[in-house]
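To start, the structure under review is shown below, and the notes come after it.
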Amino acid sequence: MSLYQRIAEMQDLFDAGTDDADRATIIFNIMALRTPSDTFLEELVKILTTAAPPMPGPARAAVGSYGVNIHTTSQHAVPSGDGPFLSIRETGGPRGIYDHNTVGPAFSRSTALITVRASTYAAARTMARAAYDALVAVTNTTITP
């Protein structure tokens, strides 16, 4: 569980060419300013797989389903097929933000690479945009996986 001050894009969606299966690949990176936890990936999955957003804002559909078309970590292979398939990889992040009352960082600046693969560019872009919109909408919200 983490209190998210904000999830910010580090860049907009961009075309990363094709993968080994000749599928269109769209990627973007995010940075989350949040209280430290060991469940960053699970929290991102919660945001992407929840139809009713776990934060204030307009209603939106779930981006996908974990284990079906949303995958995390390098241990989950991207399935074969047309997709679209979304992968989330933690990428570290810069040093956390400290305050005078804490021993460790009061806020971490966790980063993740979001990759979407699909048989068509349009399908990959549609899922990537839905994920982007869902993630950058997070502000001042506690996320529990």
Residue pairs within 7 Å by beta carbon, gap of at least six or interchain, first lying in segment 87-99 and within 30 Å of G67 (Cα to Cα), second in a loop (DSSP other than H, G, I, E, B) and among the aliphatic types (A, V, I, L, M), listed first then second, are S87/V78
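Quick check, is T39 surrounded by 12 or more Cβ atoms within 10 Å (Cβ to Cβ) and in contact with a strand residue (DSSP E or B) (Cβ under 6 Å, 6 or more places away or on another chain)? Lay out the reasoning, then the answer.
Values: surrounded by 12 or more Cβ atoms within 10 Å (Cβ to Cβ): yes; in contact with a strand residue (DSSP E or B) (Cβ under 6 Å, 6 or more places away or on another chain): no.
Criteria not met by T39.
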Across segment 97-121, what is the number of residues that are touching a strand residue (DSSP E or B) at 6+ places or on another chain (Cβ under 8 Å) and more than 21 Å from E9 (Cβ to Cβ)?
4
Criterion violated by Y121 - all others in (1) more than 14 Å from the chain's Cα centre (by Cα); (2) without any contact (Cβ under 8 Å) to a residue 60 or more places away in the chain satisfied:
(2)
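In segment 6-39, what residues are in a strand (DSSP E or B) and either charged (D, E, K, R) or at pLDDT below 95 (or both)? Please lay out each step first, then the result.
So the first thing to find is which residues in segment 6-39 are in a strand (DSSP E or B), and the list is 6-9, 14-18, 24-34.
If the condition is that a residue be in a strand (DSSP E or B) and either charged (D, E, K, R) or at pLDDT below 95 (or both), then R6, E9, D15, R34 are the ones that fit.
Identify, from the list A128, A77, the residue that is of a type in the set (A, V, I, L, M, F, W, C) and at pLDDT 90 or above.
On the way: A77 fails: at pLDDT 90 or above.
Matching residue, one of A128, A77: A128.
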Identify, by number, the condition in (1) part of a strand (DSSP E or B); (2) farther than 27 Å from T18 by Cα that I114 doesn't meet.
(2)
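The values are calculated or read from the model by the stated rules, or taken from the named source; none is laboratory data. If you're wondering where the values come from, they're calculated on a predicted model, not measured in any experiment. Cβ: placed from backbone, ideal geometry, glycine included. Neighbour counts: every protein chain shown.
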